[in-house]
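Notes for the one structure printed next.
The values are calculated or read from the model by the stated rules, or taken from the named source; none is laboratory data. In this text, all values refer to a predicted model and were calculated from it rather than measured experimentally. Here the Cβ is made from the backbone with ideal geometry for all residues, glycine too, and neighbour counts use every protein chain on show.
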Amino acid sequence: MLEIKDLYVYYGPMCALRRIKISVAEGEVVAVIGANGAGKTTLMKTISGLLEPDRGSIEFMGREIGGMSGHSIANLGIIHIPEGRGVFPEMTVLENLEMGAYIFKDEAVTRQTIEQVYELFPVLENRRRQKAGTLSGGEQQMLAIGRGLMGRPKLLLLDEPSQGLSPLLVKNLAQTIEVLHKEHGLNILLVEQNVKMALEMADRGYVLQSGEVILEDSASALLENEVVREAYLGV
Amino acid sequence: MSTSTLVLQQIVNGVSLGSVYVLLAVGFTLSMGVLKLLNIAHGHFYMLGAYLVYSFAHLAGLGYWPAVLLAIPSTFLIGALVHLAGIKPLHGKGYLAPVLSTLAIAFLMESVALLVWPGTVRLIDTPYNYVTYSLAGVSFTEQRLLTFVAALALTAGLYFFLQRTKIGKALRATTQNEDSAELVGVNTGSMRLFALGLSAALAGAAGGLIGPLFAISPGIGLTALFKALVVVLLGGLGSIAGAVLGGFLLGLFEAFFGGFVNAAWTPVATFVLIIIILVVRPRGLFGREELE
């Protein structure tokens, strides 16, 4: 459903991404792993339209989306949950969720989706009248994912969802992503520094280094790969 | 007049003046929040609003209220045009370039005003200026009362618009996190255009409402900008509640200083007050960051 070919992105004269070839097929969870500064966030921002590609193509469900604006891409069903969560801090939890359904007109469906999100994250219902900025890091991550689900995505882009979470919360998060994938049939593209968690969840993976894809394989094969084990798993 | 009557009189004067400062400042804070831009031309929309009301009311003979109602969408449109011509092309080109552009726009508007309304100051004459109410020794014109009520109603209207409507919520979301707003499907480019139009319309309304109380000249734009800055500094950047608080504080300060110390020295005192506040509390008296 997502097909990236020969993608180049520059920050001024600096090349942040080069010759990127990544795809996500229907029903897949795909992980992109790599160190800080490898270009993972740049990749996500380029897919979701916050950054413009300088060369190459990004096709989503057969349609070229490279260079389209962020809100148009959100309308097509790609929902990007940004690094650092990006909740609206002065809005309540409920308002944040409602903003997630901004592109939809049908209030009844939005109410229904909110109930589903509350089922997935009961703590959000308890805190629905609280300002998002006052939530803990873990709660903000749940809210960010909940807000993303409100947009009823066809493809979910998750940027460093485990960042700043305790090991227990990372475990919960992994289970949640599993549920989203298996029960809700969500396609997910995930970038992570937490390589073990990402590859255990994913079907396939890519290793990004200095703006280039250096490895591509099934997730289980990458977990066994010498380079990955040495560089990212510390084995 | 006894001292207590004099105090009451200054409270009435200060509160009616303050209500217009509130209106002026909520627009200022709105454009600053959504566009992340210090709009130097904000006060010039206020000046333009006053002149437009004068022209619609006296030259076109429409009467005061129809003139105000017409000046509001007019300043909205001019604000939107200013955004398209002088602010939008500079989006993402650093912080200073768009601010300098609004400075150029401010002086452009002032130069145009000097050409269109040359010569002496203008006065907006309304029948409400000739009706005076007296209450417990305190007197005020009907115009002052109407100005106060209209300014308050517009501010309340803006508050409910931002809290309750979908576009209002999208404006707040854009203020709080522009990338996230775009990612949930908000066209943040349109929000910037709309916010500048709306802030210009609010400033224009403030100018039109205060017009009958003071003389109008092209120079009032810069003074209005300064007052909007002072209000934001007093009440804190970004919140409507802060603008309301700051607006009334400034109105009362001016009325009391003018009434009890020396009217001519009021601007000097306001500047001194600002420097003191800045030194003591750099983020403003009740400083906060986000638009509520």
**Request:** Tell me, yes or no, whether the stretch B:190-208 has at least one residue that is more than 11 Å from the chain's Cα centre (by Cα), among the hydrophobic types (A, V, I, L, M, F, W, C) and within 11 Å of chain A (Cβ to nearest Cβ).
**Result:** yes
**Asked** Which one is surrounded by the fewest Cβ atoms within 10 Å (Cβ to Cβ) among residues in the stretch B:118-166 that are in contact with a helix residue (DSSP H, G or I) (Cβ under 7 Å, 6 or more places away or on another chain), among the small types (Gly, Ala, Ser) and at pLDDT 90 or above?
**Response** B:ALA150
**Message:** All but one of (1) more than 13 Å from chain B (Cβ to nearest Cβ); (2) under 27 Å from A:VAL170 (Cβ atoms); (3) not in a helix (DSSP H, G or I) hold for A:ARG129; state the number of the condition that does not hold.
**Reply:** (2)
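Of the residues that sit in the stretch B:137-151 and are not aromatic (Phe, Trp, Tyr) and not in a helix (DSSP H, G or I), which one is nearest to B:GLY207 (Cα to Cα)?
Across the stretch B:137-151, the extreme among qualifying residues is B:THR141.
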**Request:** Filter the stretch A:8-35 for residues that are touching a residue at least 12 places away in the same chain (Cβ under 8 Å) and part of a loop (DSSP other than H, G, I, E, B) and give the result.
**Result:** A:ALA25, A:GLU26, A:GLY27, A:GLU28, A:GLY34, A:ALA35
**Request:** Would you mention how many residues in the stretch B:176-186 are outside any helix (DSSP H, G or I) and either more than 8 Å from A:GLY70 (Cα to Cα) or more than 7 Å from chain A (Cβ to nearest Cβ) (or both)?
**Result:** 3
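With under 24 Å from B:GLU182 (Cα atoms) and among the charged types (D, E, K, R) as the only criterion, which of A:GLU3, A:GLU28 stands out? Reasoning before the result, please.
Details: A:GLU28 fails: under 24 Å from B:GLU182 (Cα atoms).
That would be A:GLU3, the only listed residue that is under 24 Å from B:GLU182 (Cα atoms) and among the charged types (D, E, K, R).
Determine, yes or no, whether B:LEU193 is crowded, with 22+ Cβ neighbours inside 10 Å, out of contact with any Phe, Trp or Tyr (no Cβ under 9 Å at 6 or more places or on another chain), at pLDDT 95 or above and not basic (Lys, Arg).
On the way: crowded, with 22+ Cβ neighbours inside 10 Å: no; out of contact with any Phe, Trp or Tyr (no Cβ under 9 Å at 6 or more places or on another chain): yes; at pLDDT 95 or above: yes; not basic (Lys, Arg): yes.
Criteria not met by B:LEU193.
Rundown of residues vs (1) modelled with pLDDT of 95 or more; (2) touching a Leu at 6+ places or on another chain (Cβ under 7 Å); (3) closer than 24 Å to B:GLY235 by Cβ, yes/no style:
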site: B:SER4; (1), (2), (3): no, no, no
site: B:VAL7; (1), (2), (3): no, no, yes
site: B:THR29; (1), (2), (3): no, yes, yes
site: B:LEU37; (1), (2), (3): no, no, yes
site: B:HIS42; (1), (2), (3): yes, yes, yes
site: B:LEU48; (1), (2), (3): yes, no, no
site: B:TYR51; (1), (2), (3): yes, no, no
site: B:PRO66; (1), (2), (3): yes, no, no
site: B:ALA80; (1), (2), (3): yes, yes, no
**Fill in**
A careful count of residues in the stretch A:49-103 that are at the interface with chain B (Cβ under 7 Å from one of its Cβ atoms), free of Cβ contacts under 8 Å to residues at least 60 places away in the same chain and assigned to a loop (DSSP other than H, G, I, E, B) gives 8
